[in-house]
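So the structure is just underneath, and the comments pick up after that.
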Amino acid sequence: MPNFVASYNCLGVINLIYQRIRDLREDLDLNQQVLADYLHINRRTYSGYEIGARTIPPEILIEIAKFHNTSIDFLLGLTNVKEPYSRLKK
């Protein structure tokens with residue numbers, strides 16, 4: 001059985017998330033309070049997300065992706081494609 005060793009730098013991914021959410025907000029010339037209000041959280045909590053002092057809960061990450069019309073994969077650095085995935089047609 002082969003050994004699998006992932007070269008996964010968790011800190012790098014985490015820093016990428018924080019940088020991307022900040023960049024997306026700044027691209028729209030919004031302040032942190034706008035996002036905090038949208039997410040129904042305190043501005044200091046949101047600020048903690050952007051600087052990496054707080055872990056972003058999955059439900060907040062989903063809402064940030066929705067707000068910016070992007071995918072969570074983009075926020076996580078799994079893709080550099082900013083556009084969200086299209087919905088699957090039935």
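No lab work stands behind these numbers, since they all come straight from the coordinates. Keep in mind it's a predicted model, so treat the numbers as computed, not measured. Using ideal geometry, Cβ is built from the backbone for each residue, glycine included, and neighbour counts are taken over all protein chains shown.
Anything in segment 20-40 that is exposed (fewer than 14 other Cβ atoms within 10 Å of the Cβ) and within 13 Å of the chain's Cα centre (by Cα)? List them, or say none.
The answer is D23, and nothing else.
Would you tally the residues in segment 41-84 being part of a loop (DSSP other than H, G, I, E, B), basic (K, R) and exposed (fewer than 15 other Cβ atoms within 10 Å of the Cβ)?
Selection size over segment 41-84: 1.
Report the residue count in segment 48-90 for those that are among the hydroxyl-bearing types (S, T, Y) and closer than 18 Å to V34 by Cα.
2
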